[in-house]
Protein chains: 2
Amino acid sequence: VVWLFLKARLLELEAKKPIVILNKEDAEELGVKALDRVELDPDGKEVIAIVNVAEKFISKGEIGLYDSVQDQLNVKEGKKIDVNPAEAPESLSFIVKKLAGKDLRSLEIRKIVEDVVKHRLSEIEITAFITSLHIHGLTMNEAAYLSTHMATTGDILRLKNKEIYDKHSIGGIPGDKTTLLVVPMVAVAGLTIPKTSSRAITSPAGTADRVECLCPVDLELEEIKKVIEKTNACMVWGGAVDLAPADDVFIQVEYPLSIDPLLLPSVMSKKKAVQAKYIVIDMPTGKGTKMKTISDYQELAAQFIGLGKKLGINVACASTFGEQPIGYAIGPALEAREALETIMRGKGISDLIDKAVNLASILFDFKHLKNSKTYALKLLTSGKVEKKFREIIEAQGGNPSIKPGDLSVGSKTIEIKSNASGKVFWINNAAIAQIARAAGAPKDKGAGILLSKKIGDSVKGGETLFKIYAEKNYKLNRALRIANELDVIGIGKKLEMLLAKIPEEKEHKKYFILER
Amino acid sequence: VVWLFLKARLLELEAKKPIVILNKEDAEELGVKALDRVELDPDGKEVIAIVNVAEKFISKGEIGLYDSVQDQLNVKEGKKIDVNPAEAPESLSFIVKKLAGKDLRSLEIRKIVEDVVKHRLSEIEITAFITSLHIHGLTMNEAAYLSTHMATTGDILRLKNKEIYDKHSIGGIPGDKTTLLVVPMVAVAGLTIPKTSSRAITSPAGTADRVECLCPVDLELEEIKKVIEKTNACMVWGGAVDLAPADDVFIQVEYPLSIDPLLLPSVMSKKKAVQAKYIVIDMPTGKGTKMKTISDYQELAAQFIGLGKKLGINVACASTFGEQPIGYAIGPALEAREALETIMRGKGISDLIDKAVNLASILFDFKHLKNSKTYALKLLTSGKVEKKFREIIEAQGGNPSIKPGDLSVGSKTIEIKSNASGKVFWINNAAIAQIARAAGAPKDKGAGILLSKKIGDSVKGGETLFKIYAEKNYKLNRALRIANELDVIGIGKKLEMLLAKIPEEKEHKKYFILER
């Protein structure tokens, strides 16, 4: 093998992938091109890095190191490093096998997932894997192998002598703060529910963003264990722990392509990583959701239940009405406030309470608790859920006495009023999400929307339909412009039958009059 | 739209893609993530760049610019730049369409190719396109659209009042220096042949590497035109001109995945870009080539001819024997020397001459020249090809009086001898290429292999099979080790029928004794 001794230059550049920059001449001497791999310090640390090539930025005899490579090698500026060309990892041949439409075996998937986690595969190679899975599909066995290996290549939350319960939502509905009610409801019934959640990617708020308005969510694994030992539950951000870490890498490829071939393994690997035995999966269904029809739901539910069987996890699925936001609040602080108020009052927001009670009761049914729905509702109205909720907040480092008024929401607001009278026939989930994001959510925690009307409500001309909250004026204006452009809420006296025609009318209908 | 004014920091980092680095907080403020796009200077230059995110390397309020972005914006360190989030390009939706298995229309393919050339699509997005084409396949219409748009998004070689002839080889055979004979042979017959060639990617020498031993090959478009006006031909490196530039971007994705869904458009777009009307495509066939069987060849040939009809190009295909190197020399200088010697003598290396004469005669047949093979051979033996060859060398800036002895080959050599007697039954093309590359080819122009024996030749124990040339001792040793490990040349008294068995013998047969 040819090798070179090159002088380390520390670039202080961050990247998740281990990247080094070689001078063009040195790269040619080694016989490597951009995106090929080199092995650094082969007799010692054996670090594999991906090659970038520069003509001027790095001189002949130098090697530029990104932060992650510097950390792995633990070298200082100017240190000589032994650099070898490295073969493509074995896992690449398994990706090429899937590309050719062949099923992969457990060991082959394990190698791929390991190399993904170790950042030994390039974006090109990972994208080829993801698009192959998308086009060719996964067998149930492949989904099981992926779930298992995605879990075992990360940390595992080990809780002794506990049967673990969990809930998951496939998402897509703005304002869905159901988890904040379900987790204390399940925990107060004596079941253990270590809930990890994500932050928003394309939505105005993820569960982690909501909970963060009440207490810290970026706890480490040992801290999470202590919270669960104290309270039977937690509500933490999954990104702060290393559970099924390959998933984050896959998402970075799936997101720009709007594909999600790993939906099942992605969910189930996280559940494997917390050693869940019983889970309920919420699948919001209908117009404006990911499941357009009940038969879509039935098919996906059957797949989840089948995969659960292979993995030793008991899965129940719930189709829930998803054609409008849950409750009235959209945006991290507005939603946290609505959830806290509802938990404190034990009544009020009927769709939110109904959904939480139903999902909790499905978990209770695994335990054969009697009259599970009545029981769940009683826990809420009795104040026990509130007590448990505040215990969890305290255990995670928040203020257990927090009041709804302590949650600060955006001070820049505008009300959107109706210029028509009639009934609300539909609410556009995507438009609501877009406006709330334009107003600053989820980054500005106080930004969002408070609906005044929901489907079936009567509206008079001039009545407020919703109020936009923002922390900054320019974001309020931006949200307002978008609210003006989109069809957000459909109001009519009778159902209008024409949905679209070709050629279409170019003129945009304005449903709203605006008022500061 | 939200925007920020950020202070330019010039990173002096090279990348073909337009990359900027934002501080994490500014990225969140803009609502963009890593690999999203921003528009810079929207009221002026309207440069689109791909976002990287840093926490420390770039401070809040700064924007780090890679060289290509700096060049496009033409800004200095510290200049304030208006930065806006930008939508994903429309072409991404067409990639997603192909990902779903739907055929693309001409305009859709045009948008994709344009954005590839402008580096507006990320590696993830381009990989999704390439893998979709690989898995779903291309229709003949899609192949035609790709060929056309890949050509028109680059430079076009416009030669007035000329009918353009061209040749292409799908490659794969070490030592194939046929082009060096065909080009002057065709030009001396009065046909115009503007030959652009590639450098080696995985082989020991590309045609551009071979010709570069005789004269410069990195000519610009205007220089190429002058060479052709003078000589009716050229032999230049395609990488120095901007003909069908999308191809280079696609190759960077195809290479690590070992897939080549764009083979047809890749070849035909280059031919469109030189406005070729008649082309011959050489398809080396047999063991150790890309076309394992005659029926593989027939299928690909039919596709090339059909695509040519759609594009207004007359295509002829030739299946040529490819189970061993062409001639005896492998490596840039060794091959250039062998080609020059053969052109000067007009005889000698029979397979090389036969192949060149056949390919030239196929082009002559388009022109209805009589007895085209006899005519081609006569041009060679008469010395006219040599005269034309030297004219082309001179026009490209080389020494027209160059002699074979002027070409310097590696001074470190070793002969590999046979320890068996019998006949050569086979030569392993891949092993020959690997040894020549280990010896330093194509980077070290004098490195390579000179065969002493070819298929059918008789060999006595102790006779030299081939000689390895290198410019550096450690590369010679490296080549030697590989020669020792691989089955390079098969020698036997009768054909041995057993190819392999399972479980296999672990012991490796040594065919060679080594001697310095």
Apart from one, (1) open to solvent by 10 Å² or more (accessible area, probe 1.4 Å); (2) within 30 Å of B:GLY137 (Cα to Cα) all hold for A:GLU62; the odd one out is (2)
Return a yes/no flag: does the range B:232-247 have any residue that is within 14 Å of chain A (Cβ to nearest Cβ) and of a type in the set (Val, Ile, Thr). no
Residues of the range A:155-211 satisfying the condition of being hydroxyl-bearing (Ser, Thr, Tyr) and out of contact with any strand residue (DSSP E or B) (no Cβ under 6 Å at 6 or more places or on another chain): A:THR178, A:THR179, A:SER197, A:SER198, A:THR202, A:SER203
Those residues of the range A:255-282 which are open to solvent by 10 Å² or more (accessible area, probe 1.4 Å), touching a helix residue (DSSP H, G or I) at 6+ places or on another chain (Cβ under 8 Å) and within 14 Å of another protein chain (Cβ to nearest Cβ) amount to A:PRO256, A:SER258, A:ILE259, A:ASP260, A:PRO261
Taking the range B:365-377 and keeping residues in contact (Cβ under 8 Å) with a residue 60 or more places away in the chain and either on the phi > 0 side of the Ramachandran plot or buried (at least 22 other Cβ atoms within 10 Å of the Cβ) (or both) leaves B:ALA376
Going residue by residue through the range A:97-109, is there one that turns out to be free of Cβ contacts under 8 Å to residues at least 60 places away in the same chain and over 30 Å from B:GLY137 (Cα atoms)? no
Every pair of residues 6+ apart whose Cβ atoms lie under 6 Å, when the first sits in the range B:450-466 and is at positive phi while the second is surrounded by 14 or more Cβ atoms within 10 Å (Cβ to Cβ): B:GLY462/B:LYS417
Failed condition for B:GLY64, given (1) modelled with pLDDT of 90 or more; (2) within 14 Å of chain A (Cβ to nearest Cβ); (3) over 23 Å from B:GLU123 (Cα atoms), with all others met? (3)
In this structure, is A:THR202 in contact with a Cys (Cβ under 9 Å, 6 or more places away or on another chain), open to solvent by 10 Å² or more (accessible area, probe 1.4 Å) and of a type in the set (Val, Ile, Thr)? no
The listed residue being in a helix (DSSP H, G or I) and touching a residue at least 60 places away in the same chain (Cβ under 8 Å), out of B:VAL217, B:VAL183, B:VAL236: B:VAL183
When the residues of the range B:90-118 are filtered to those that are open to solvent by 50 Å² or more (accessible area, probe 1.4 Å) and in a loop (DSSP other than H, G, I, E, B), which remaining residue is nearest to the other protein chains (Cβ to nearest Cβ)? B:ALA100
Suppose we filter the range A:151-170 for residues that are open to solvent by less than 20 Å² (accessible area, probe 1.4 Å) and more than 24 Å from A:VAL227 (Cβ to Cβ); how many remain? 1
Testing A:GLU29 on (1) among the acidic types (Asp, Glu); (2) surrounded by 15 or more Cβ atoms within 10 Å (Cβ to Cβ); (3) under 23 Å from A:ASP242 (Cβ atoms), one condition comes back false. Which one is that? (3)
Taking the range B:127-149 and the residues there that are open to solvent by less than 10 Å² (accessible area, probe 1.4 Å) and within 14 Å of chain A (Cβ to nearest Cβ), the one that is nearest to A:LYS98 (Cα to Cα) would be B:THR131
Quick one: is A:ALA302 in a helix (DSSP H, G or I), of a type outside the set (Lys, Arg) and either at pLDDT below 95 or crowded, with 22+ Cβ neighbours inside 10 Å (or both)? no
Search result, residues across the range B:446-465 that are farther than 17 Å from B:ILE173 by Cα, open to solvent by less than 50 Å² (accessible area, probe 1.4 Å) and part of a strand (DSSP E or B): B:VAL459, B:THR464, B:LEU465
Would you please name the residue that is nearest to A:ALA360 (Cα to Cα), looking only at residues in the range A:382-410 that are touching a Leu at 6+ places or on another chain (Cβ under 8 Å) and of a type in the set (A, V, I, L, M)? A:VAL385
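So that you can scan it fast, the table gives a plain yes or no per residue for (1) in a strand (DSSP E or B); (2) within 13 Å of chain A (Cβ to nearest Cβ); (3) at pLDDT below 85:
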residue: B:ARG9; (1), (2), (3): yes, yes, no
residue: B:LEU13; (1), (2), (3): no, yes, yes
residue: B:ILE21; (1), (2), (3): yes, yes, no
residue: B:ASP26; (1), (2), (3): no, yes, no
residue: B:GLU29; (1), (2), (3): no, yes, no
residue: B:VAL38; (1), (2), (3): yes, no, no
residue: B:ILE48; (1), (2), (3): yes, no, no
residue: B:VAL53; (1), (2), (3): yes, yes, no
Within the range A:205-218, take every residue that is among the aliphatic types (A, V, I, L, M) and more than 12 Å from the chain's Cα centre (by Cα) and give me the one that is surrounded by the most Cβ atoms within 10 Å (Cβ to Cβ). A:VAL211
Scanning the range B:33-47 residue by residue, those in contact with a helix residue (DSSP H, G or I) (Cβ under 9 Å, 6 or more places away or on another chain), closer than 27 Å to A:ALA436 by Cβ and open to solvent by less than 50 Å² (accessible area, probe 1.4 Å) turn out to be B:LEU35, B:ASP36, B:VAL38
Just one of (1) buried (at least 23 other Cβ atoms within 10 Å of the Cβ); (2) part of a helix (DSSP H, G or I) trips up A:GLU222, so point out which. (1)
List the pairs whose first member sits in the range A:394-419 and is within 22 Å of A:GLY448 (Cβ to Cβ), whose second member is hydrophobic (A, V, I, L, M, F, W, C) and open to solvent by 70 Å² or more (accessible area, probe 1.4 Å), and whose Cβ atoms are under 6 Å apart, counting only residues at least 6 apart or on separate chains? A:LYS417/A:ILE513
So which residues in the range A:67-111 are hydroxyl-bearing (Ser, Thr, Tyr) and under 28 Å from the mean Cα position of the chain (by Cα)? A:SER68, A:SER91, A:SER106
Could you tell me which residue of the range B:67-89 is farthest from the other protein chains (Cβ to nearest Cβ), considering only residues that are within 30 Å of B:TYR145 (Cα to Cα) and open to solvent by 40 Å² or more (accessible area, probe 1.4 Å)? B:GLN72
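The values are calculated or read from the model by the stated rules, or taken from the named source; none is laboratory data. Small disclaimer: the values here were computed from a predicted structure and weren't measured. Cβ atoms come from the backbone with ideal geometry, glycine included; neighbour counts cover every protein chain shown. Surface areas here come from the heavy atoms of the whole protein model, side chains and all, with no ligands, DNA or RNA. Shrake-Rupley method; radii C 1.70, N 1.55, O 1.52, S 1.80 Å.
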